[in-house]
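What follows is calculated from the coordinates using simple rules that are stated; it is not laboratory data. Every value quoted in this text rests on a predicted model; they were computed, and no experiment measured them. Note that each Cβ is placed from the backbone with ideal geometry, even for glycine, and that neighbours are counted across all protein chains shown.
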Amino acid sequence: MLPVELYRGDESLRNDRTAVLRRTWQFLGHETQLPAAGDYLADVVGGAPVVVVRKADGELAAFHNVCRHRAGALVADGTGNCGEAFTCRYHGWRYALDGRLRNAVDFGASAGFDPRQYGLFPIRVEAWRGLLFVNLELSAEALASLMAPLAARWAEGQAAFPLVETRTHRIGCNWKTYVENYLEGYHLPMVHPEFDQDIVVADYRTEIEGDVVFAAAPPRDRSVYGGLWGWLWPNLGINVYRHGYMMERMTAVGPAETRLDYFYFFDPARTAELSQMLAVSDLVTAQDLQVCEEVQRNLEAGVYRGGVLSPKHETGVAWFQERIATAHDLPRPPKLAAVS
Ligand code: FES
Ligand SMILES: [Fe+2]
């Protein structure tokens, strides 16, 4: 297990943002949310506001959503159209959609001020099967290498389903507490007893390939699930349904607060299956929320110093903890903690 201190306190969140969340591909949304030139999508990644924009040539560009004058925001979070240029919301500096400062509006004569030195801070943006990701680390490996194991297992046609619904949930736990819960099926019989009607829980298996953890279980006849779950390092789930799929982004908003953003892509003709799937999804989330908040309360209480991981069910959790330890230059966590 990891040191309990990694699951609580402001310092742990700061360190996770620096060492993990700002150096990895972070899911932002879907290309179809930005169809026209000037369309943008702004969000916060690893605590850093970012914006993706469609340029006039049809390509995407992405920047930190921060003005070089006095750190104003270029656009509000969410989607919109900024026309041919970003106009800072604070004093109105204008930036071309490729990031160059075009006009420091009414700034006044200033010797030595060179607008070419004040372009927006770029970040990486790439799309995979229409799914948009950004990375604050400019030298990051291409998104395609992260997605390669998923590409091999997930039918390409599945990605054609349109985005039909988004939902947000807040959970009072550290993001890693939630991720670890997502990475094991050990809790299914206790926490989600209904699951066994949908999938054969006894045959639930976890496999790790590259930076992707897969879970698979045979679906039963009337299951809403397609029997495949994927999870991409460090904080993105993908649930495959019979008639669609869902991207589940797990955002650390505080040391003990995680926001889950669910993006549902589904066959719009299947309205009955869609509402059945949403009802199952809401129920599962409420059940996970309860256990994760109870775990977090105990991680904060101090008596628990570390436990043991099941070699049969918790290989995904062990893998995740090793990755976190490596990112923080900590020794690899022992899988069996000494009990003193
Ligand atoms: S902070 Fe953007 S124009 Fe002043
Ligand atoms: Fe669960």
Label-point separation (nm) for Thr271 and Ala127, each offset 7 Å from Cα along Cα-to-Cβ? 3.0
Using a 4.7 Å Cβ cut-off, which Cys residues in the chain lack a partner cysteine? Cys82
Candidates Asn135, Asn298, Asn239: whichever shows maximal mean-square fluctuation once the chain is modelled as a Gaussian network with Cα springs under 10 Å: Asn298
Label point distance in nm, Thr285-Asp196, each placed 7 Å from Cα along Cα→Cβ: 2.7
